[in-house]
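A short worksheet on the structure shown next.
The values are calculated or read from the model by the stated rules, or taken from the named source; none is laboratory data. Note that the structure is predicted; figures quoted are calculated from it, not measured. Neighbour counts are summed over all protein chains in view; Cβ atoms, including those assigned to glycine, are modelled from backbone coordinates with ideal geometry. We work out accessible area using only protein heavy atoms, side chains counted, and drop any ligands, DNA or RNA first. Shrake-Rupley method; radii C 1.70, N 1.55, O 1.52, S 1.80 Å.
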Amino acid sequence: MKKTIRQAILIFGLILSTFTVASPQFPTQEPMGGQEFGHSVKHLGNGLYVFRWWVYRNIFVVTDDGVIVTDPLNPKAAKLLQSEIRKVTDKPVKYVVYSHNHHDHISGGNIFKAEGAQFIGHANLVKELGDHPSPVIPMPDITFEDSYTVELGGRTLELSYFGPNHGDSLAVMRLPEEKALFVVDIVTPRRVAFRDMPDFSPDEWIRSLKEIEKMDIEYVISAHGPQNQPAIDPASVVTEQRVYLEDLMAAVKDAMDSGTHSPDALRAKVKLPKYQDWQYYEEWLPMNIERIWAYYHMGW
């Protein structure tokens, strides 16, 4: 009898442990919603929200002690973001976390600075914003080198830097409770790389994605996506992005090794039909090809 009771307790403990460590189940097929050129908000649960402005996205986390906000995007979007936060809580924004140095993601934070928020970013941001200052981008108050954990109201946001890939200050942000990653620019599900890959290092991009694939994540929230795409995706989109880049580089190199060296000829010759249903395949694939030509031809 005692043995049976002990076994029952053990089984109950294992079941309880499973529920404790399991991450939430998110609707990975449900569209973000809203008007195409407007903004929208999606609550994923447990105080985690995805905010969309046009094709840009960020996240904010509401806690009992205040709010953590990521990239404010631009002054117009930041004002809309603040209004949406106020619909949820009257707690102040305590932290604004920058993903990287590019102004199209991190402008507009003054409105949160006025609330007393502290700004966090990779150490390289200080030089980058010093070289390219903007009156609507507050400088970071807190910087880090390899990793940093933001803690507020019982919630944590883990920041990780993987070296140069897109610029040299990009941090990915992990929510350990949800096993979800907020990632900017280096993972955009179901879309070829942006135009001619401005400020991207193709080989370092692939290396970084391989390291991200080793992280304990089950979901990805990407910083780009239209209103008809999901707010959150399975972590497999990281691998899909890496494989696209590897396929692109291999196809361009094979064509060059076969004697095609003109970027115009490569743009016409190289096709990746596997990805023909991805966003901007027709418009941007030729630009992607020319960028990879520059990588092999010029070492850039």
### Task
Could you rank the peptides 258-270, 101-113 by their average count of other C-beta atoms within 10 Å per residue, with the highest value first?
101-113, 258-270
### Query
Sorted by accessible area with a 1.4 angstrom probe, largest first, how do VAL192, VAL88 fall?
VAL88, VAL192
### Query
Taking Cα atoms, how many degrees apart are the long axis of helix 281-298 and the longest axis of the chain, rounded to 10 and kept between 0 and 90?
70 degrees
### Query
Between ASP277 and THR28, what length comes free when the chain is fully extended (0.36 nm per residue of separation minus the Cα-Cα distance, one decimal in nm)?
87.8 nm
### Summary
Charge tally for neighbours of ASP131 with beta carbon under 15 Å away, counting Lys, Arg as +1 and Asp, Glu as -1, is -2
### Task
For segment 172-300, calculate the relative contact order in percent as a whole number, restricting contacts to Cα pairs under 8 Å that are 6 or more residues apart.
32 percent
## Note on the structure
Summing -39500 (n - 2.57) over every DSSP H run of at least 4 in the chain, dividing by its residue total and rounding to the nearest 500, the 222 nm mean residue ellipticity is -11500 deg cm²/dmol
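Once you keep just the Cα pairs under 8 angstrom separated by 6 or more residues, what percentage relative contact order results for the chain?
16 percent
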### Summary
Quick calc: nm separation of the 7 Å Cα→Cβ label points for GLU211 and ASP264 -> 4.0 nm
### Query
Cross-link list LYS79/LYS113; LYS91/LYS179; LYS179/LYS210; LYS113/LYS179; LYS42/LYS113: which exceed 19 angstrom alpha carbon to alpha carbon?
LYS91/LYS179; LYS113/LYS179; LYS42/LYS113
#### Entry: Average accessible area per residue (Å²) across segment 185-259 - probe 1.4 Å, nucleic acids and ligands excluded
37 Å²
### Query
Quick one: with all protein chains in place, what share of the accessible area of the chain is carbon or sulfur, to the nearest percent (1.4 Å probe)?
54 percent
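When the solvent-accessible surface of protein heavy atoms is calculated with a 1.4 angstrom probe, in what order do HIS43, HIS166 fall, highest first? Could the numbers behind the result be given before it?
On the way: HIS43 95, HIS166 10 Å².
Heavy-atom accessible area, descending, gives HIS43, HIS166.
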#### Entry: Label-point separation, ASP196 to HIS132 (7 Å along Cα→Cβ), nm
1.5 nm
### FRET E, pair LYS87, ASN228, Förster distance 25 Å, beta-carbon r, rounded to 0.05
0.60
### Summary
Taking Cα atoms only, helix 202-213 is inclined relative to the longest principal axis of the chain by an angle, in degrees rounded to 10, of 20 degrees
